[in-house]
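Novice: I have a structure I would like to understand better, so I am pasting it below and will then ask my questions one at a time.
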Amino acid sequence: MNLDVLIASAVDGLLIGFVYGVAAMGLTLIFGVMDVINLAHGPLIAIGMFGVYEIFTYVGMNPYLALIIVAVVGLAVGVLVYFVAVHRVIDAPPLSSLLSTFSVNMMIIGVGTAILTTSAYNVDFSLPSLDTGPITVTGTRLAAALIAVGVTALLYAFLYRTRSGKYIRAVANNRQAAELMGIPSTRILALAFGIGTMLAMTAGGLIATILPINILAGGTYELKSFVIVVLGGLGNPLGALVGGLILGLIEGLVPVFMKTTWVPVLEFGLFILILLVMPQGLFGRKES
Amino acid sequence: MALLEVKDLTSGYGELQILWGMNLEVEQGKLTALVGSNGAGKTTLLRAIVGQLFPWQGTVTFDGRDVSKLRPYTKAELGLIMVPEGRQLFTDMTVQENLEMGATPKHSRIHMDRNLAKVFDLFPRLRERAKQTAGTMSGGEQQMLAVARGIMSEPKILIIDELSLGLAPVLTLDLFQALRRLQREEGTTILLVEQNVRMALKVSDYAYVVSEGKVDFHGPSSEVENNPAVREAYLGI
Ligand SMILES: Nc1ncnc2c1ncn2[C@@H]1O[C@H](COP(=O)(O)OP(=O)(O)O)[C@@H](O)[C@H]1O
Ligand SMILES: [Mg+2]
């Protein structure tokens, strides 16, 4: 086996890992703020994929511009899903929100399959690749990783520098106290769900610029997000990014040594191992 | 007319009734104390006042307006602010951020810098700790922060549940003095729930004694202090 192949695979894996990280941040943000595990995460990722696909294919817009539209729509979709499916069960036992977000999942998948079938689609777009001697990096993959890093930076700037962002952290930390200070918790929860959805759909849109997509593909990334979130610590967005990189690296490197079918086996093996030996994840979880 | 008026209030948890017709008036600009033994229903009353619990019957009137059915964040916007039992800080956020979160009501947000200077003046320790994560401070510092966060909201009435619980006597005295200053200098109305009955009666203008979800006795604090029943039950004399 040669070193170049190893490095190239590692880089490829790491680059997509950033995108996995963004998807997982969406899941972990929602959990961290409202203790809801969003089982509609995968289908929302798929909506992001097809958002970019449809705008690119039928409007002819540059996919990265399309991504901005998808992100904004994602915020609106998330707020809508919050008020329709999450708000009324926000204080109910966890099973209720699992069921209601799973219902949203089934509805999106049902409508999506009816319209799009389950066949694969491709965003027919490419960027010049970056050739650095030993390794060649696909342009779209590099762009996706850079955008993912930018999105993470924006998320942190929002959460730590703006009043609305601080409200989200305050509500996550202690919702009752936040209400006592005059923070309108319902609006803030809806906003947090909106941003979580925005992250999921943005990740989906980025994936569409790199890989073939289908309406069920979101499910795969949802499962990856779960592994990543457990790896990085529930409710910890930066942990999610690092978890994403680790998962991307596994995905890049494993196929060099064994059959690709081993990838999920190892990923979920790691998932169980982490749950057993360090249930707080690598970087700790929020107190609850 | 009283700034805050509670009339025939009943409430509780699920089926369990705790408040059995509470009546209370808090005068504008006064420091009113609410004392009573553990489990008397003081915290429950405050929760019903701020809207964390819904009143079953009766009304809560604030600033001439029936606020019985409003959510806590709407009441905060109106200037009804509670420093809850157990502090309930944003433990993962810094001291400074906790104070910023206090300045959420619109009328207080525009004065945030001025109010920051004010609470730092009142509690110099908090200025030193501004960048520290709130959850890592000592109990006394956390209680200062909880009170300071409440002051940041520019409350018309500041309701404080168990100011001195678990604090060293020196610190308790500091906090009481800070409240006194706030009341004198800013004219802030204060409703104070206290375990330390002796101290509460010393600093307050008016006092309510509650037991088993009802007001037992009320009057000017000096009178309550000299009431034989109160002396026996709460002051151990
Ligand atoms: N969340 C709750 N659920 C059920 N009962 C409660 C709850 N909180 C307090 N109680 C009960 O209500 C009564 C009054 O409690 P509380 O209002 O906290 O009293 P105080 O603040 O005067 O010590 C107590 O008997 C207590 O056990
Ligand atoms: Mg109490």
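The values are calculated or read from the model by the stated rules, or taken from the named source; none is laboratory data. Here the structure is a predicted model, which is why all the values come from computation and not from measurement. Here the Cβ positions follow ideal geometry from the backbone for every residue, glycine too, while neighbour counts run over all protein chains shown. These accessible areas exclude ligands, DNA and RNA; they are computed on the full protein's heavy atoms, side chains included. Shrake-Rupley method; radii C 1.70, N 1.55, O 1.52, S 1.80 Å.
Conditions (1) open to solvent by 40 Å² or more (accessible area, probe 1.4 Å); (2) over 30 Å from A:THR101 (Cβ atoms), marked per residue:
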position: A:ASP4; (1), (2): yes, yes
position: A:ASP12; (1), (2): yes, yes
position: A:LEU15; (1), (2): no, no
position: A:TYR20; (1), (2): no, no
position: A:MET25; (1), (2): no, no
position: A:MET34; (1), (2): no, no
position: A:ILE37; (1), (2): yes, no
position: A:ALA40; (1), (2): no, no
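Novice: Would it be correct to say that B:GLN96 is surrounded by fewer than 20 Cβ atoms within 10 Å (Cβ to Cβ), within 14 Å of chain A (Cβ to nearest Cβ) and either among the aromatic types (Phe, Trp, Tyr) or in a helix (DSSP H, G or I) (or both)?
Specialist: Yes, satisfied.
Novice: Which one is nearest to B:ILE160 (Cα to Cα), of the residues in the range B:67-92 that are of a type in the set (Lys, Arg) and crowded, with 21+ Cβ neighbours inside 10 Å?
Specialist: B:ARG87
Novice: Might you let me know whether the range B:213-224 holds any residue that is away from chain A (no Cβ under 14 Å), β-branched (Val, Ile, Thr) and not in a loop (DSSP other than H, G, I, E, B)?
Specialist: Taking every residue of the range B:213-224 in turn, at least one turns out to be away from chain A (no Cβ under 14 Å), β-branched (Val, Ile, Thr) and not in a loop (DSSP other than H, G, I, E, B).
Novice: What do you reckon, is B:ASN23 buried (at least 22 other Cβ atoms within 10 Å of the Cβ), away from ligand 2 (no atom under 16 Å from the Cβ) and outside any loop (DSSP other than H, G, I, E, B)?
Specialist: Spelling it out, it is not the case that B:ASN23 is buried (at least 22 other Cβ atoms within 10 Å of the Cβ), away from ligand 2 (no atom under 16 Å from the Cβ) and outside any loop (DSSP other than H, G, I, E, B).
Novice: Would you say A:GLY150 is in contact (Cβ under 8 Å) with a residue 40 or more places away in the chain and away from chain B (no Cβ under 11 Å)?
Specialist: no
Novice: Check A:ILE207, A:ILE213, A:ILE195 and return the single one that is under 16 Å from A:ILE45 (Cβ atoms), open to solvent by 10 Å² or more (accessible area, probe 1.4 Å) and either modelled with pLDDT of 95 or more or within 14 Å of chain B (Cβ to nearest Cβ) (or both).
Specialist: Among A:ILE207, A:ILE213, A:ILE195, only A:ILE195 is under 16 Å from A:ILE45 (Cβ atoms), open to solvent by 10 Å² or more (accessible area, probe 1.4 Å) and either modelled with pLDDT of 95 or more or within 14 Å of chain B (Cβ to nearest Cβ) (or both).
Novice: Mind checking which residues of the range A:95-108 are farther than 21 Å from A:ILE47 by Cα and open to solvent by less than 90 Å² (accessible area, probe 1.4 Å)?
Specialist: Hit for the range A:95-108 is A:SER96, nothing else.
Novice: Could you tell me how many of the residues in the range B:26-50 are open to solvent by 10 Å² or more (accessible area, probe 1.4 Å) and touching a helix residue (DSSP H, G or I) at 6+ places or on another chain (Cβ under 6 Å)?
Specialist: The qualifying residues number 0.
Novice: Quick test of your reading of the structure: A:ASN174 fulfils all but one of (1) within 14 Å of chain B (Cβ to nearest Cβ); (2) polar (S, T, N, Q); (3) open to solvent by less than 10 Å² (accessible area, probe 1.4 Å). Name the failing condition by number.
Specialist: For A:ASN174, the exception is condition (3).
Novice: Does B:PRO72 fit the bill of being within 16 Å of ligand 1 (Cβ to nearest atom) and touching a strand residue (DSSP E or B) at 6+ places or on another chain (Cβ under 9 Å)?
Specialist: Answer is yes for this residue.
Novice: Turning to a different aspect of this structure: Residues of the range B:217-233 being open to solvent by 60 Å² or more (accessible area, probe 1.4 Å) and under 20 Å from the mean Cα position of the chain (by Cα), which ones?
Specialist: Of everything in the range B:217-233, those that are open to solvent by 60 Å² or more (accessible area, probe 1.4 Å) and under 20 Å from the mean Cα position of the chain (by Cα) turn out to be B:PHE217, B:HIS218.
Novice: Further, regarding this structure: I'd like the full set of residues that are among the hydrophobic types (A, V, I, L, M, F, W, C) and either buried (at least 16 other Cβ atoms within 10 Å of the Cβ) or facing chain A (nearest Cβ under 10 Å) (or both), limited to the range B:99-117.
Specialist: Result: B:LEU99, B:MET101, B:ALA103, B:MET112, B:LEU116.
Novice: OK, next. Of B:GLU212, B:GLU223, which residue is out of contact with any Ser or Thr (no Cβ under 9 Å at 6 or more places or on another chain) and farther than 24 Å from B:LEU173 by Cα?
Specialist: B:GLU212
Novice: How many residues, within the range B:38-54, are at pLDDT below 95 and more than 10 Å from ligand 2 (Cβ to nearest atom)?
Specialist: Number satisfying all stated conditions: 1.
Novice: On to the next question. Taking B:ALA200 as meeting all but one of (1) in a helix (DSSP H, G or I); (2) out of contact with any Asp or Glu (no Cβ under 6 Å at 6 or more places or on another chain); (3) open to solvent by less than 70 Å² (accessible area, probe 1.4 Å); (4) at pLDDT 90 or above, write down the number of the exception.
Specialist: (2)
Novice: Could you list, in sequence order, all residues of the range A:158-171 that are open to solvent by less than 40 Å² (accessible area, probe 1.4 Å) and at the interface with chain B (Cβ under 9 Å from one of its Cβ atoms)?
Specialist: Within the range A:158-171, A:LYS166, A:TYR167, A:ARG169, A:ALA170 meet the criteria.
Novice: So which residues in the range B:48-90 are more than 10 Å from chain A (Cβ to nearest Cβ) and not in a loop (DSSP other than H, G, I, E, B), if there are any at all?
Specialist: If the condition is that a residue be more than 10 Å from chain A (Cβ to nearest Cβ) and not in a loop (DSSP other than H, G, I, E, B), then B:ALA48, B:ILE49, B:GLN57, B:GLY58, B:THR59, B:VAL60, B:THR61, B:PHE62, B:ARG65, B:ASP66 are the ones that fit.
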